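J.: Structure incoming, see below.
The values are calculated or read from the model by the stated rules, or taken from the named source; none is laboratory data. All figures in this text were calculated on a predicted structure; none of them were measured in a lab. Positions of Cβ are generated from backbone atoms using ideal geometry, with glycine treated the same way; all protein chains shown enter the neighbour counts.
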Amino acid sequence: MGSGSKFHGGLSTRGGSQDAAADSKTVGRSLANNALIKELQAKGARINVKDTLFITKDKTGMIVWLEKGNAKGGLQHILDGNGKTPGHAADFKKAFGVSRQNVPTYIKQVVKNGKLVSNKTISVGGGRLGYERVYYYNGRYHLVTGVGTNGFIVSAYPVKLKK
């Protein structure tokens, strides 16, 4: 799913553990035997292991992962937009002080440790469904939108909700 990403991140690698993250140089080796990836593959999910930046489960038990992506989805889409709309790198910086290179790690923390407060099924086009998921994390609301029914993170951005 991803080529041309501008991500050169410094995420930690956790080998074969269920919860995994890696930089672009070691992702293929470190995630190839990951139990969550094997579970996704057994369910028929298409996951580009080589371009996967992290894979984890949220508190509901859903497997969620982020790939380098492209303008249609993944990290590149999150940071740089789709060519018609801008990305959210500056939004993460303004809202949470998270630098561009730390956005993947931050998204992983939100998904893994945040409380899911809203999960709506939405049409993502082409007759496909996805989720619009809002997580509450660290005293703030975050929206992860367009998460595929298979768990692929298409987009993510900060949002404030009225209490």
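J.: Picking from Tyr141, Tyr135, Tyr106, Tyr157, which residue would you name as being buried (at least 22 other Cβ atoms within 10 Å of the Cβ) and hydroxyl-bearing (Ser, Thr, Tyr)?
T.: Exactly one of Tyr141, Tyr135, Tyr106, Tyr157 is buried (at least 22 other Cβ atoms within 10 Å of the Cβ) and hydroxyl-bearing (Ser, Thr, Tyr), namely Tyr135.
J.: Follow-up. Counting just the residues of region 55-82 that are among the small types (Gly, Ala, Ser) and assigned to a loop (DSSP other than H, G, I, E, B), which one comes out farthest from Asn102 (Cα to Cα)?
T.: Gly61
J.: Now for a separate question. Could you tell me whether Val110 is in a loop (DSSP other than H, G, I, E, B), among the β-branched types (Val, Ile, Thr) and in contact with a Phe, Trp or Tyr (Cβ under 6 Å, 6 or more places away or on another chain)?
T.: Answer is no for this residue.
J.: Moving to a separate point now. Among the listed residues Phe152, Phe96, identify the single one that is surrounded by 15 or more Cβ atoms within 10 Å (Cβ to Cβ), farther than 18 Å from Gly61 by Cα and aromatic (Phe, Trp, Tyr).
T.: None of the other options fit; the residue is Phe96.
J.: Do you know which residues across region 123-148 are modelled with pLDDT under 90 and touching a Leu at 6+ places or on another chain (Cβ under 8 Å)?
T.: Once the filter is applied, which keeps residues that are modelled with pLDDT under 90 and touching a Leu at 6+ places or on another chain (Cβ under 8 Å), region 123-148 yields Ser123, Tyr141.
J.: For region 94-105, give me each residue that is of a type outside the set (Val, Ile, Thr) and modelled with pLDDT of 95 or more.
T.: Ser99, Arg100, Gln101, Asn102, Pro104
J.: Go through region 27-54 and report how many residues are surrounded by fewer than 18 Cβ atoms within 10 Å (Cβ to Cβ), touching a residue at least 24 places away in the same chain (Cβ under 8 Å) and part of a helix (DSSP H, G or I).
T.: 1
J.: Considering only residues that are free of Cβ contacts under 8 Å to residues at least 12 places away in the same chain and either in contact with a helix residue (DSSP H, G or I) (Cβ under 6 Å, 6 or more places away or on another chain) or not in a strand (DSSP E or B) (or both), which ones fall in region 113-137?
T.: Gly126, Gly127
J.: Just the residues that are crowded, with 19+ Cβ neighbours inside 10 Å and either charged (D, E, K, R) or not in a helix (DSSP H, G or I) (or both), please, taken from region 83-93.
T.: Answer for region 83-93, where residues must be crowded, with 19+ Cβ neighbours inside 10 Å and either charged (D, E, K, R) or not in a helix (DSSP H, G or I) (or both): Gly87, His88.
J.: Would you say Gly114 is more than 14 Å from the chain's Cα centre (by Cα) and of a type outside the set (S, T, N, Q)?
T.: No: the conditions fail for Gly114.
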